[in-house]
Amino acid sequence: MNFTLTLSLVMLASYGLANLLISVALALCWRGGLFRSVVRADTIFAVRCVPTLGSALFVLTVVLPAFVLYEPQHADDKPGALLLICAALGVAMVADGIRRLWRSWRATDAFVRKIRPLSTRSLAADTEVSLIEVRQPLVALLGTWRQRIVAARAVAMACDGEEFRQVIAHEAAHRDARDNQKFLAMVALPDVLAWLPAGAGLVAIWRAASELEADERASGADPNKRVALASALLKVARLGLADHRPRRLMRGRNHVDGLELRIRRLLAPSPGFARAFPSRRVLTSALLLPLLAMPLYAMIHRVIEVLVAFGR
């Protein structure tokens, strides 16, 4: 097996093995309740991305340079069973991430093709909403890059002017926070965590947090706007119950208990936003990894040789 093929297998195997270890560690932390007290959507999103980004950073900044610097170019190693299994795991994660991304895109595209806007309203300088004729009381932000807000005509008819403006302001807040892009990224992450209950749990609490934060951005501290949005949520919920679709509420992703929490939060004084996630500090710390690993490259290469030879 030539140098290039060996390097490719080593990188895939290292990614798969590192991802497995990080994902299991996060799953254990989830079972211990470590992340259930996290309330910021961007913090939850960052935690969910840790297995993929951490594994990729480890492979590109530690494994790759260690192998290139210390592996003889003329080496002709026969891969062992462990290397092939870990590489297959890496390929499976990437392939499954692509599959989930494709399914999500196809589902959204199929829905967009079915709807036919009846009219378009401009509620603000950068916010337009297309009214559509559908049975369920749907209000949604559709698309990933070319986004648009759609609302069922029944919702527009059930809400008064201020209530409907707050409903659309909620969706505009999702758009400004790039929540659709973040959700699609979490769907497509190539990691073991996507196959574990903790992965779905992190996505679920991210959804709940993103809804609460969109409510806050839409209504702010204005009590009239907060009451109007809470009233609109109740009216949409009643429409869903009348249509025998109690789970298809705002954005099609909320359950009744989530709706109750949102209304209670809206009717209480605005809590404001918690401290933002220190993304720059985390990124700076992550970039220190290659510098810290440089003195260990020789040892890391010996570990790689053991991985390549194990089970041969």
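The values are calculated or read from the model by the stated rules, or taken from the named source; none is laboratory data. Remember, predicted model here, so these are calculated numbers, not experimental data. Virtual Cβ from ideal backbone geometry, glycine too; neighbours counted across all protein chains shown.
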Within the stretch 145-178, tally of residues that are charged (D, E, K, R) and either at pLDDT 95 or above or in contact with a Lys or Arg (Cβ under 8 Å, 6 or more places away or on another chain) (or both): 4
Helices (runs of 4 or more DSSP H) contained entirely in the stretch 193-312, each with at least 1 residues that are more than 30 Å from residue 16 (Cβ to Cβ) and at pLDDT 75 or above: 197-219, 223-242, 256-267
Single condition residue 8 does not satisfy, out of (1) buried (at least 20 other Cβ atoms within 10 Å of the Cβ); (2) closer than 23 Å to residue 299 by Cβ: (1)
Failed item in (1) part of a helix (DSSP H, G or I); (2) closer than 22 Å to residue 216 by Cβ, with residue 129 passing the rest: (1)
Checking residue 50 against (1) within 22 Å of residue 199 (Cα to Cα); (2) among the aliphatic types (A, V, I, L, M); (3) assigned to a helix (DSSP H, G or I); (4) more than 16 Å from the chain's Cα centre (by Cα), the condition it does not meet: (4)
All positions within the stretch 21-47 that are modelled with pLDDT of 85 or more, farther than 13 Å from residue 199 by Cα and either hydrophobic (A, V, I, L, M, F, W, C) or in a helix (DSSP H, G or I) (or both): 21, 41, 42, 43
All positions within the stretch 132-162 that are assigned to a helix (DSSP H, G or I) and either surrounded by 23 or more Cβ atoms within 10 Å (Cβ to Cβ) or under 22 Å from the mean Cα position of the chain (by Cα) (or both): 155
Restricting the stretch 53-106 to residues that are charged (D, E, K, R) and either modelled with pLDDT of 90 or more or part of a helix (DSSP H, G or I) (or both), the residue that is farthest from residue 13 (Cα to Cα): 106
